[in-house]
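S.K.: Quick one: the structure is below, questions incoming.
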Amino acid sequence: MAPNVLIFDTTLRDGEQAPGFSMSEDGKLKMARALAALNVDIIEAGFAAASPGDARAIARIAAEVDGPRICSLARAVKGDIDAAAQALKAAKKKRIHVFLGTSPIHREFKLEMSAAEVLTRIADMVAYAREFADDVEFSAEDAIRTEPGFLVEALSTAAAAGASTLNVPDTVGYSTPEEIYELFRMLSKKVTREEHVIFSAHCHNDLGLAVANSLAAVRGGARQIECTVNGIGERAGNAALEDAVMAIRTRRDATGVTTNINTREIMNTSRTLSKITSTHPPRNKAIVGANAFAHEAGIHQHGVLKNRETYEIMKPEDIGLASNALVLGKHSGKHALAARARELGHDLDTEQLNAAFAVFKEVADEVGTVDSARLATILSRLDGTLETGLWTLSRAEVRMPLAANAMPVARIELDHPRRGRVTDIASAPGALDAAFTAVSHIIGMEGRVESIDMQYVAADPDEDGPGGQGADVLIEMSVAVEGESFTGRARTRDILPACVSAYIDALCNAEAIARHRARNHAPAAAE
Ligand code: KIV
Ligand code: ZN
């Protein structure tokens, strides 16, 4: 049977430690629940001695989250170990994770301790932690820059004192796959330990090698890897959990190991983290980025429509995505357009397809991506079934009073081919909220803005306007209408009209889909 590699998740400790990723106590609990559903083996819930808030979050996770072993980090000092033990009291399965720097630079400048003092401290503090927990992990901080002979001594000392996991961190993200593979092979041979004691890899991503190094460590004998969701963590982050797990799964032939991860929860866990931290992974991030299973190029779409394995090595369903996305944009071809039109109930003949394709390319050139709702609008217009026209923004004005308790007021004018020009005024705590409320009053549809992505598209230097500035604002907005998400897009010179136009676009898309469904009597996903 293939050996199993334990997944130790440190999103709530090493990940949370990074600027921009701090989480509230409730957020941490939510994330821990998502990690339990993902079936990680160990959740490092925080660093109890770091702050009372961290200790409280660990205690709540220990009391309320079942399944994974719950762990707290602790420096190799009694006070930290006491705090970790206290926070973990309610955990059914607990681990105390004791760490101490072992490299010459850490010993000399950070700890001001001799090598012999470091060994004594490891022995004493691992033994002390064992008084509170049967499961103790020891980390030799900056192991990669530690003299190999001293690293063997330090890890053997920790094992003799009762540590059952020996973690070898590449704290500064300096190693290479070849080097770390050799290191783990050497440690496997030379560290004195009982059979149940395992090695663990903890790789940072400063050179973009964290996942490759973690997999090389596994090849060298590691049976635990420490990682974070979306790869968040100190500086360039830690090894991304989803990348390591999917590489192990997809290339079992090459890695020869398994994990206990329920991969169908990957997308959900990644999205939970993004929501809690208000930070999305880059579009092109492996596995969980918005583009990871999206195809826009015509040639790729044609291939995927015939057989998805032409351009896909994993199934989107395996990470919990409903399906791959054939993104319709200016690079798409007629095959993809015809396929999406068929899904929307329009079986186009050659002439209709050519006409739709011409309009579609124009729209794609303007706004980038053409989603199902927008395509439904294009198709309905072409076959004359779109009885009413679309709303467009004619004027947006916002007044922002300076008085402390006065709210911004927005005056919005929209044009409609049948209803003419309609004006509404609304106030709300925020200027955009006020403008969106006025639009909703006019169109007669409530929407809740879920997210706004803004790109500032600088013009060519020779096209600069007066004052040397020349740019467009490109807005992509997700708006929930009756529980379903619709995308709105717009491109203009200014932020306010761009946001308002994108909101109008999303509501018009929702209207078009509702009309389309009413005509076809069939429910269909908007995107
Ligand atoms: O990077 C590191 O060395 C760590 C240890 C505390 C495990 O995060
Ligand atoms: Zn780390």
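S.K.: Which of the strands (runs of 3 or more DSSP E) contained wholly in the range 324-440 include at least 2 residues that are under 35 Å from the mean Cα position of the chain (by Cα)?
M.R.: 392-399
S.K.: For a quick check of your reading: which helices (runs of 4 or more DSSP H) sit entirely within the range 210-279 and have at least 2 residues that are under 15 Å from Ile7 (Cα atoms) and open to solvent by 10 Å² or more (accessible area, probe 1.4 Å)?
M.R.: Helices (runs of 4 or more DSSP H) meeting the threshold: 210-219, 241-250.
S.K.: Another question, if that's okay. Scan the range 99-117 residue by residue and report those that are within 19 Å of Leu187 (Cα to Cα) and within 16 Å of ligand 2 (Cβ to nearest atom).
M.R.: The answer is Phe99, Leu100, Gly101, Thr102, Ser103.
S.K.: Can you tell me which residue in the range 7-20 is surrounded by the fewest Cβ atoms within 10 Å (Cβ to Cβ), limited to those that are away from ligand 1 (no atom under 14 Å from the Cβ) and in contact (Cβ under 8 Å) with a residue 24 or more places away in the chain?
M.R.: Gly20
S.K.: I'd like to verify a number: residues in the range 145-171 that are within 13 Å of ligand 1 (Cβ to nearest atom) and either hydroxyl-bearing (Ser, Thr, Tyr) or not assigned by TED's automatic domain parsing to the domain that holds Ser214 (or both), how many?
M.R.: Count: 3.
S.K.: Here is a further query. Considering only the range 154-181, state which residues are acidic (Asp, Glu) and surrounded by 20 or more Cβ atoms within 10 Å (Cβ to Cβ).
M.R.: Scanning the range 154-181 gives a single hit, Asp170.
S.K.: I've got another one for you. With among the hydrophobic types (A, V, I, L, M, F, W, C), open to solvent by less than 60 Å² (accessible area, probe 1.4 Å) and modelled with pLDDT under 85 as the only criterion, which of Ala396, Ala376 stands out? Walk me through it before giving the result.
M.R.: Values: Ala396 fails: modelled with pLDDT under 85.
Matching residue, one of Ala396, Ala376: Ala376.
S.K.: Continuing with this model, one more query. Output the residues belonging to the range 225-281 that are modelled with pLDDT under 95 and within 16 Å of ligand 2 (Cβ to nearest atom).
M.R.: Within the range 225-281, just Glu234 meets the criteria.
S.K.: For the range 196-207, does any single residue satisfy the condition of being in a helix (DSSP H, G or I) and either free of Cβ contacts under 8 Å to residues at least 60 places away in the same chain or charged (D, E, K, R) (or both)?
M.R.: No, the range 196-207 has no match at all.
S.K.: When you look at Ala292, is it crowded, with 20+ Cβ neighbours inside 10 Å, without any contact (Cβ under 8 Å) to a residue 12 or more places away in the chain and at negative phi, yes or no?
M.R.: yes
For every residue, the table says whether it meets (1) assigned by TED's automatic domain parsing to the domain that holds Asp26; (2) over 30 Å from Leu6 (Cβ atoms); (3) touching a residue at least 60 places away in the same chain (Cβ under 8 Å).
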position: Arg283; (1), (2), (3): no, yes, no
position: His300; (1), (2), (3): no, yes, no
position: Glu312; (1), (2), (3): no, no, no
position: Leu328; (1), (2), (3): no, yes, no
position: Thr350; (1), (2), (3): no, yes, no
position: Val363; (1), (2), (3): no, yes, no
position: Glu366; (1), (2), (3): no, yes, yes
position: Ile378; (1), (2), (3): no, yes, no
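S.K.: Name every residue in the range 209-237 that is under 18 Å from Ile42 (Cβ atoms), over 19 Å from the mean Cα position of the chain (by Cα) and more than 13 Å from ligand 1 (Cβ to nearest atom), in order of residue number.
M.R.: Correct list: Ala217, Val218, Ala222, Arg223.
S.K.: Pick from the range 65-83 the residues that are more than 16 Å from ligand 2 (Cβ to nearest atom) and in a strand (DSSP E or B): which of them is surrounded by the most Cβ atoms within 10 Å (Cβ to Cβ)?
M.R.: Among them, the one singled out is Ile70.
S.K.: Criterion first (in a helix (DSSP H, G or I), among the hydroxyl-bearing types (Ser, Thr, Tyr) and either within 12 Å of ligand 1 (Cβ to nearest atom) or out of contact with any Cys (no Cβ under 6 Å at 6 or more places or on another chain) (or both)) does Ser175 satisfy it? Show your work before the answer.
M.R.: Values: in a helix (DSSP H, G or I): no; among the hydroxyl-bearing types (Ser, Thr, Tyr): yes; either within 12 Å of ligand 1 (Cβ to nearest atom) or out of contact with any Cys (no Cβ under 6 Å at 6 or more places or on another chain) (or both): yes.
Considered against the rule, which asks whether it is in a helix (DSSP H, G or I), among the hydroxyl-bearing types (Ser, Thr, Tyr) and either within 12 Å of ligand 1 (Cβ to nearest atom) or out of contact with any Cys (no Cβ under 6 Å at 6 or more places or on another chain) (or both), Ser175 comes out as no.
S.K.: Output the number of residues of the range 35-64 satisfying the condition of being more than 16 Å from ligand 1 (Cβ to nearest atom), open to solvent by 10 Å² or more (accessible area, probe 1.4 Å) and among the aliphatic types (A, V, I, L, M).
M.R.: 5
S.K.: Something else: Looking only at the range 118-171, which residues are within 16 Å of ligand 2 (Cβ to nearest atom), part of a helix (DSSP H, G or I) and touching a strand residue (DSSP E or B) at 6+ places or on another chain (Cβ under 6 Å)?
M.R.: We begin by selecting, within the range 118-171, every residue within 16 Å of ligand 2 (Cβ to nearest atom); these are 137-146, 165-171.
If we keep only those that are part of a helix (DSSP H, G or I) as well, we get 143-145.
Hits for the range 118-171 are Ala143, Ile144.
S.K.: Take Arg395 and decide whether it is without any contact (Cβ under 8 Å) to a residue 40 or more places away in the chain, more than 22 Å from Ala512 (Cβ to Cβ) and of a type in the set (D, E, K, R). It would help to see each step written out before you state the result.
M.R.: On the way: without any contact (Cβ under 8 Å) to a residue 40 or more places away in the chain: yes; more than 22 Å from Ala512 (Cβ to Cβ): yes; of a type in the set (D, E, K, R): yes.
Yes: the conditions hold for Arg395.
S.K.: Right, something else. Considering only residues of the range 188-205 that are away from ligand 1 (no atom under 16 Å from the Cβ) and closer than 22 Å to Cys227 by Cβ, which is least open to solvent (accessible area, probe 1.4 Å)?
M.R.: Among them, the one singled out is Val197.
The values are calculated or read from the model by the stated rules, or taken from the named source; none is laboratory data. A quick note: this is a predicted structure, and the numbers were derived from the prediction, not measured. Positions of Cβ are backbone-derived with ideal geometry, glycine not excepted, and every protein chain shown enters the neighbour counts. Only protein heavy atoms, including side chains, enter the accessible area calculation; ligands, DNA and RNA are left aside. Shrake-Rupley method; radii C 1.70, N 1.55, O 1.52, S 1.80 Å.
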